[in-house]
Ligand SMILES: Nc1ncnc2c1ncn2[C@@H]1O[C@H](COP(=O)(O)OP(=O)(O)OP(=O)(O)O)[C@@H](O)[C@H]1O
Ligand SMILES: [Mg+2]
């Protein structure tokens, strides 16, 4: 009989103790699998929520007068349009952005009242992101008109608006935003540069800031230092509230996971270890007998370690199935926006089927050594 | 075949010293059937365990088949035991999750001997257990259990069988059957040392030894 045959027969005989140990492994594996399966969705969800809140990094021309900036809501200075391309090059060097938008804004008079003309370049998207972000893509020759402007001028979709002597088709009248966006007219950056006679220039780059930097204590300081070196013609301000809320959320989640995972591991290891210890005690005589039959210490230790390996293997598969099922069932409830990102991850199965047996073997290592060390004469003498 | 030279086994406990074996001398010739008798606690089990290489004596020399047992290391002793010595215990010590055949085969699975399934089946049949071959120990009578244990002890064709009160839990009929099987082994050239309380063994014995307080008289 091979060691594995003996192990399987013993497992079948002591079903309940096996199922109890199995429960420990399955619990640990299922929790980790569920956590990692939803982790991706959770991270994307955070990004999406902040994107909905708006841009939270504003990169401005260096010589911007901040009093003017806050009074008008935009910088009256300019920087070259290719700054955005140079900024994009630093992706993954000291920042990770979701996307960057270069813009040019100026106040002009339209029928006696001020409107802000905003020229937006197509977003530069982080390589990892791949897809274009949501939001409006503006076609050349068309504009989106803010709520207040549309009301005052009686504009509607399909109408026309004249800006600095050039006619544009109204692509859309925006819903009331309750911000200065209501007196904005959004056009394509190149169109706006042309009518303002500021070709090749922008006055702001908006970005969703990096995911890792905000987890640090003062990301803005680092960012400013780096930007000073890389893009000396810029300065940066951060919309604190948004960034902080996000960083806090992420840190809370990380702290929770950091506390939770070792705790689960220790509890499950102790659980398996205690059951293995009871198993060794129950099999005292059997171990003595195997000694009398000429079994070596190694072979006896193998009986116990192989058993935990079987336990880990079965636990890994079951735990993976249950963890994935949990993630797929409850994940979409929790992460409503990015539910699509929750898919079974077969890489986790591979991981679990290596880690769980190793973990179970480690948890039963001490009982196995005790089994080997015990005095066979002692156990054979008694009942 | 078995030789004890001035063997002592002393347990040092907090309650004091216990001399299980006290300067014991014994010479068992090949193909001898020895019966050892003696009061409880006189060291009979200790004698068998030391003879089987399971228990290191405190002092003295023990050799089996000319091999000094305790000059071997643990691993070598285990191999020697698997090949040369069969144990039979009063409590049978069958493995509860294995059936009759598997329990017998367990003796042939220790890596240093080759498992022999045909011999296991032959032995089980010879001991009158053919119809119970695939039953678990819990489903067997005590007499049947001890016969399984004997089959297990015989599997590797040992030269020596050490039996510790093998009939202690059996009725006279089953006890007689156990002795008949030990006698068969003996006739085929095996050496047997049996520890027993009963008198039944004596008709099979070449020699009966009386043990008292860790040593033997009549050797
Ligand atoms: N681990 C131990 N520690 C201390 N004393 C022990 C130990 N094992 C055995 N003894 C003592 O050694 C002596 C001999 O024990 P042993 O089991 O050999 O007796 P025995 O002749 O087989 O008795 P019985 O007929 O009751 O089985 C006994 O007094 C016993 O109490
Ligand atoms: Mg005894």
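R0 = 35 Å: FRET efficiency of residue A:175 with residue A:350, Cβ-based, nearest 0.05?
Efficiency, from the Cβ-Cβ distance: 0.10.
How much length is gained on full extension from residue B:10 to residue B:133, taking 0.36 nm per residue of separation minus their Cα-Cα distance?
40.1 nm
Per residue of A:186-199, count partner chain C-beta atoms within 10 Å of its C-beta, then hand back the mean as an integer.
Partner Cβ neighbours, averaged per residue: 0.
Going by average Cβ density within 10 Å per residue, which order do the peptides A:2-13, A:25-36, B:119-130, A:107-118 take, highest to lowest?
Answer by packing, highest mean first, reads A:25-36, B:119-130, A:2-13, A:107-118.
Return, ordered by residue number, the residues of segment A:99-113 whose backbone nitrogen is under 17 Å from a label point located 7 Å along Cα→Cβ of residue A:198.
Correct set: A:101-110.
At a Förster radius of 56 Å, what calculated FRET efficiency corresponds to the Cβ-Cβ distance of residue A:76 and residue A:263, to the nearest 0.05?
0.50
Can you give the average number of partner chain beta-carbon atoms within 10 Å of each beta-carbon in peptide A:374-381, as a whole number?
Mean shielding by partner chains, rounded to a whole number: 5.
Modelling each spin label as a point 7 Å along the Cα-to-Cβ direction, I'd like the residue A:333/residue A:5 distance in nm, to one decimal.
Each label point lies 7 Å from its Cα, and together they span 4.8 nm.
If you average the alpha carbon positions of segment A:348-383 and of segment A:175-207, how far apart do those two centres end up, in angstrom?
Answer, in whole Å: 69.
Find how many whole Å separate the alpha carbon centroid of segment B:113-132 from the alpha carbon centroid of segment B:144-219.
Cα centroid to Cα centroid, the span is 20 Å.
Can you sort B:72, B:55, A:19 by how many other beta carbons sit within 10 Å, fewest first?
In increasing order of surrounding Cβ atoms, one gets A:19, B:72, B:55.
Return A:186, A:365, A:330 ranked ascending by Cβ neighbour count within 10 Å, so the fewest neighbours appear first.
Least to most surrounded, the residues fall as A:330, A:365, A:186.
Using alpha-carbon pairs under 8 Å, 6+ residues apart, how would you state the relative contact order of chain B in percent?
Values: 444 pairs, mean separation 67.6, N = 219.
Reported as a whole number, the value is 31 percent.
Give me the one-decimal nm value for the distance between modelled label points at residue A:107 and residue B:213, 7 Å along each residue's Cα-to-Cβ direction.
Calculated label separation equals 11.8 nm.
Is the protein assembly as shown best put as rounded, prolate or oblate by its Cα gyration tensor, with a ≥ b ≥ c the root eigenvalues, rounded for a/c under 1.5, and otherwise prolate when a/b is larger than b/c, oblate when not?
Prolate, because a/c is 1.5 or more and a/b exceeds b/c.
Return B:75, B:12, B:132 ranked ascending by Cβ neighbour count within 10 Å, so the fewest neighbours appear first.
Least crowded to most crowded, the residues run B:12, B:75, B:132.
For chain B, rounded, prolate or oblate, judged on the Cα gyration tensor with a ≥ b ≥ c (square roots of eigenvalues), a/c < 1.5 rounded, else prolate if a/b > b/c?
Values: a/c = 1.71, a/b = 1.44, b/c = 1.19.
Prolate.
Any idea how far apart residue B:58 and residue A:160 come out in nm if each label point goes 7 Å out from Cα toward Cβ?
Between residue B:58 and residue A:160, the simple spin-label model gives 11.9 nm.
Looking at the square roots a ≥ b ≥ c of the eigenvalues of the Cα gyration tensor of segment B:1-60, which shape do they give, rounded for a/c under 1.5, prolate if a/b is larger than b/c, or oblate?
Since a/c reaches 1.5 and a/b is larger than b/c, the shape of segment B:1-60 is classed as prolate.
Every number here is computed from the coordinates shown, using simple stated rules; none is lab data. Just so we're clear, the structure is a prediction, and the values are computed from it rather than from any experiment. When we count neighbours, we look across all protein chains shown, and the Cβ atoms used for this are built from the backbone with ideal geometry, even at glycine.
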